[in-house]
Amino acid sequence: MKRVFLIVLDSFGIGEMEDAAAYGDVNVNTLRAVSSSPCFSLPNLRELGLFDIEGVTVGEKKGSHSAAIARMAERSRGKDTTIGHWEIAGVYSPQPLPTYPHGFPEEVLEPFREKTGRGVLCNLPYSGTAVIQEYGDAHRKTGDLIVYTSADSVFQIAAHEEIVPVEQLYEYCRIAREILQGKHGVGRVIARPFTGPCGGQYTRSPRRHDFSILPPSVTMLDQLQEAGKSVIAVGKIRDIFAGKGITESVYTGGNEEGMERTLEYLDKDFEGLCFVNLVDYDMLYGHRRDVDGYAAALTRFDQRLPQILGKLRREDILMITADHGCDPSYTATTDHTREYVPLLLYGQNVRPVNLGTRKTFAETGAAVLQYFGIVPAFEGEGLLQEVLKA
């Protein structure tokens, strides 16, 4: 019974790509930034070969690493969660998803106000924690929705749970998702419920929910599902792919819960893929430019890694990668950063080879399919033949 556990350490870049300057990113490197923290300790990832990956200049190289390793380049035009995960699964994005540095135009907001029956506050790129402090009181008094965006392709709606029940907020997001198609097809519409007293300190509640645009072409997930394999989504994977190609899913409240759910699936019988996103690196530490917090979260993953490795069965393959960078030391912006990402492949049937630099994240998805005897329906050489033992 073959199983693949594909874990995405959200935003764990390992150095700027050659075209990073075109994205406004100069001398960015998430791994280098966090390695300077006293909270940084990754002995188990070092054993797998993280510091031996091509281009990595920090950490002590292992030499005789136990995993197959590679540096993955992003072929798509973008540096966000949606485009990164889509490319891992075989979807190339020749154009970046639309962003709105000056807010959304009236051709979007007018039908949104009409269909929801509510006004709009803010309509600017904003920090999610700051926007509810600055507009929360006005929202409570008027009932108008706080609409904001970021450097990512997102339409975010914040509402107090006492003013707009969470299920109603989700319905407003579905309305926005129907409107935001075509040239305004943002990657995600995000519900951002919050709580707290008027005039007090507002707090975002854990009932965030993402409403993603459908992938524009066939993905690794679709092909696995069509072949009768299990496709299990842990964390926000289901949202990123709008549920398409997924047979089972579980949402998580952060990295710790994501690792717990992964350990539970390691104990279950299924044939197919368990696709995991660990979001805290990006959401809690990268965007907030918290170097020590990011390093501590990576250290915690490294501490839990032996539990994961210890539960792998003979035919299992573990893959660890990322979807983009988010250098927490880069102060020019709080946006993601255009970086290479690591790929570590480990299993009893995997040879610990160094695969150099690969041209696309999609080689990861192609390798997953090939492991199950499925020919990928997308471009991507697939590196499986280079790593499997004879």
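The values are calculated or read from the model by the stated rules, or taken from the named source; none is laboratory data. Please read all numbers here as calculations on a predicted model, not as lab measurements. Note: ideal-geometry Cβ built from the backbone for every residue, glycine included; neighbour counts use all protein chains shown. To get the accessible areas, we keep the full protein, side chains included, count just its heavy atoms, and leave off ligands, DNA and RNA. Shrake-Rupley method; radii C 1.70, N 1.55, O 1.52, S 1.80 Å.
Here are a few things to note about the model shown:
- Sequence-distant aspartates and glutamates (8 or more away, or on other chains) whose Cα lies within less than 18 Å of residue 244: 87, 178, 210, 222, 226
- Cα-based helix-to-principal-axis angle, 291-311 vs the chain, degrees rounded to 10: 50 degrees
- Amide H to amide H, with H built 1.01 Å from N, residue 339 comes under 5 Å of 17, 325, counting only residues 5 or more places away or on other chains.
- Per residue, region 227-333 exposes an accessible area of 34 Å² to a 1.4 Å probe, with every protein chain left in place.
- Neighbour cut-off at most 15 other Cβ (10 Å), DSSP loop, GluC sites (Glu not before Pro), region 262-363: 271, 315
- Residue 300 versus residue 168: modelled label distance in nm, points set 7 Å from Cα along the beta carbon direction: 3.4 nm
- Bridge type composition, region 140-250 - antiparallel percent by DSSP, nearest 5: 45 percent
- Options [x] 35, 30, 19; [y] 35, 23, 20; [z] 47, 24, 20 - which one matches semi-axes √(5λ) of the Cα gyration tensor in Å as calculated here: [y]
- Nitroxide proxy distance, nm - points 7 Å out along Cα→Cβ at residue 334 and residue 142: 2.2 nm
- For residue 205, the shell of other residues with beta-carbons less than 10 Å away shows a net charge of +3, using +1 for Lys and Arg and -1 for Asp and Glu.
- Label sites at residue 201 and residue 311, each approximated as a point 7 angstrom past Cα along Cα to Cβ, lie 3.5 nm apart.
- Heavy-atom accessible surface of the chain: percent carbon and sulfur, 1.4 Å: 48 percent
- Expressed to the nearest 5 percent, the antiparallel share of DSSP beta bridges inside the chain is 35 percent.
- When each of 2/311; 2/268; 236/311 is checked by Cα-Cα distance, pairs over 19 Å: 236/311
- Between residue 124 and residue 66, the contour length at 0.36 nm per residue exceeds the alpha carbon distance by 16.1 nm.
- Residues in region 146-191 average 31 Å² of solvent-accessible surface per residue, probe 1.4 Å, ligands and nucleic acids excluded.
- Lysines whose Cα lies under 24 Å from that of residue 141, excluding same-chain neighbours fewer than 8 positions away: 115
- In the full protein context, region 1-128 carries 40 Å² of accessible surface per residue, based on a 1.4 Å probe and ignoring ligands, DNA and RNA.
- Residue 106-residue 26 FRET efficiency (beta carbon distance; Förster radius 41 Å; 0.05 resolution): 0.70
- Relative contact order, percent, region 193-333 [alpha-carbon distance under 8 Å, six or more residues apart]: 19 percent
- For region 156-177 and region 226-300, distance of Cα centres in Å: 24 Å
- In region 296-390, trypsin sites (Lys or Arg not before Pro) in a DSSP loop with at most 16 other beta-carbon atoms within 10 Å: 313, 314, 359, 389
- Between residue 161 and residue 36, residue separation times 0.36 nm minus the direct Cα-Cα distance comes to 41.0 nm.
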